[in-house]
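Student: The structure is given below, and queries will be raised subsequently.
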Amino acid sequence: MNKPRSTWLTAAGAALAGLAGLLLPVLGPAGEAEAAATGIHVAQGRVYEANGNEFVMRGVNHAHTWYPEQTGAIADIAATGANTVRVVLSSGDRWTKTSASEVSSLIAQCRTSKLICVLEVHDTTGYGEDGAAASLDKAVDYWIGVKSALQGQEDYVVVNIGNEPFGNSGYTAWTNATKNAIGRLRGAGIGHALMVDAPNWGQDWSHTMRDNAASVFVADPHRNTIFSIHMYGVYDTAAEVQSYLGHFVNSGLPLVVGEFGDQHSDGNPDENAIMATAQSLKIGYLGWSWSGNGSGVEYLDMVNGFDADSLTTWGNRLIHGANGIAATSKPATVYGGTGGGDGGGGTGGTAPNGYPYCAAGSASDPDGDGWGWENST
């Protein structure tokens with residue numbers, strides 16, 4: 001999402017294929033073995049904490065770089081039950097640069113609030129179409145410049161290299177630009193889990209990310225890259241949502257829905273299908289955004305005026321609705337919780353309905369509500 005834009009420029013993509021089988025893969029893409037990684041890491045197409053517990057993101061985006069004075073937002077997001085916050089930073093190419101000390105403070109706030117912190121550079125939004133956008137190379141320069149704030153935070157931080165790094169022009173360059181960005185970060189000694197956004201303003205209607213994700217993944221010497229799709233008007237039917245998300249799961253590639261909303265100027269996203277499919281496939285999702293949207297998309301605010309006690313319709317849906325944050329988020333075990341990390345069922349703890357979750361490896365709990373079969377019981 002880009003704060004100044006009042007509309008999203010999208011094109012009609014080719015017809016999406018029907019939903020394939022949704023069985024979890026047992027091998028990574030093309031049988032590649034993931035390299036050993038510290039901190040948050042990918043294994044067999046899934047995201048894990050450093051201790052080996054699977055982690056499924058359930059959270060909210062926060063536009064820090066435009067509202068740095070809103071210092072209580074991260075704690076307020078945590079109070080919803082979210083386990084992750086995606087924080088908007090600036091490399092200084094479009095907005096005021098987020099300093100290394102500011103990054104350290106944001107990470108500290110996330111840790112105090114027991115949230116996994118996804119940090120993203122927003123200046124890259126729409127590169128190739130928006131003349132003011134910065135390249136992924138510029139974003140990498142920024143990350144290397146704030147490396148001191150990131151070091152030692154691998155258990156708590158995911159580096160989202162650049163937000164929506166290509167628009168609807170020049171997006172075929174996404175694959176090589178993304179590989180180069182990953183290579184430079186690894187060469188600079190940044191060992192965190194990396195997140196890469198799709199082109200086409202994040203929506204990948206061209207399937208550029210989908211069709212090249214496997215080669216991008218193996219280009220990371222750490223095999224520790226997570227893919228992020230942003231779902232707005234391009235994803236206005238359940239079939240489109242299921243097809244896209246299912247493709248990554250079936251391919252053994254890690255994916256999150258890094259942004260989505262319940263309405264938009266480019267079409268009406270099917271938020272119910274996004275949340276239900278993410279839940280059934282154990283894929284993370286991060287709603288856009290806590291507060292502060294402008295330029296005609298104020299309806300994407302989850303709370304009015306950064307007031308945690310004033311939920312909007314969208315905020316109430318995301319947090320308290322079916323397959324929402326309150327019902328499906330499991331805390332990160334790095335903070336000492338029992339976690340479970342499967343987006344709502346499978347590895348211990350208590351479900352929102354009061355029943356214990358089925359134990360991993362012995363359970364059949366397809367809807368993740370804790371009420372299922374364990375050892376034929």
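Quick note: the coordinates plus some simple rules give every number you see, no bench work behind them. These numbers were taken from a predicted model, which means no experiment stands behind them. With ideal geometry, Cβ positions are generated from the backbone for all residues, glycine too; neighbour counts draw on all protein chains shown.
Student: Taking 7 Å along the Cα-to-C-beta vector as the label spot, tell me the S215-Y67 distance in nanometres, rounded to one decimal.
Tutor: About 4.1 nm separates the two model spin labels.
Student: Continuing with the same structure: Which FRET efficiency value, to the nearest 0.05, do you get for S101 and N51 by plugging their Cβ-Cβ distance into 1/(1 + (r/R0)^6) with R0 = 25 Å? Display every interim value, and only then the final one.
Tutor: Working: r = 29 Å, r/R0 = 1.17.
It comes to 0.30.
Student: Separate question: If you build the Cα gyration tensor of segment 134-260 and take the root of 5 times each eigenvalue, what three semi-axes come out, in whole angstrom, biggest first?
Tutor: 25, 15, 13
Student: For Q263 and S169 in one chain, what is 0.36 nm times their gap in residues minus the Cα-Cα distance, to one decimal in nm?
Tutor: Full extension of this stretch gives 31.4 nm more.
Student: Treating only the Cβ atoms of Lys and Arg (+1) and Asp and Glu (-1) as charged, compute the dipole magnitude of segment 64-219 about its Cα centre; round to the nearest 20 debye.
Tutor: It works out to roughly 380 debye.
Student: From the square roots a ≥ b ≥ c of the eigenvalues of the alpha-carbon gyration tensor of segment 38-344, which class results: rounded (a/c under 1.5), prolate (a/b over b/c), or oblate?
Tutor: The shape class here is rounded.
Student: So if R0 is 51 Å, what FRET efficiency would Y299 and I144 give, r being the distance between their Cβ atoms, rounded to the nearest 0.05?
Tutor: 0.85
Student: Report, in whole Å, the centroid distance computed from the Cα atoms of segment 116-138 and segment 295-315.
Tutor: Computed from Cα coordinates, the inter-centre distance equals 24 Å.
Student: Using the Cα centre of segment 38-344 as origin and beta-carbon charges of +1 (Lys, Arg) and -1 (Asp, Glu), tell me which of A132, N163, G233 is placed farthest towards the positive end of the dipole.
Tutor: Result: N163, furthest along the dipole toward the positive end.
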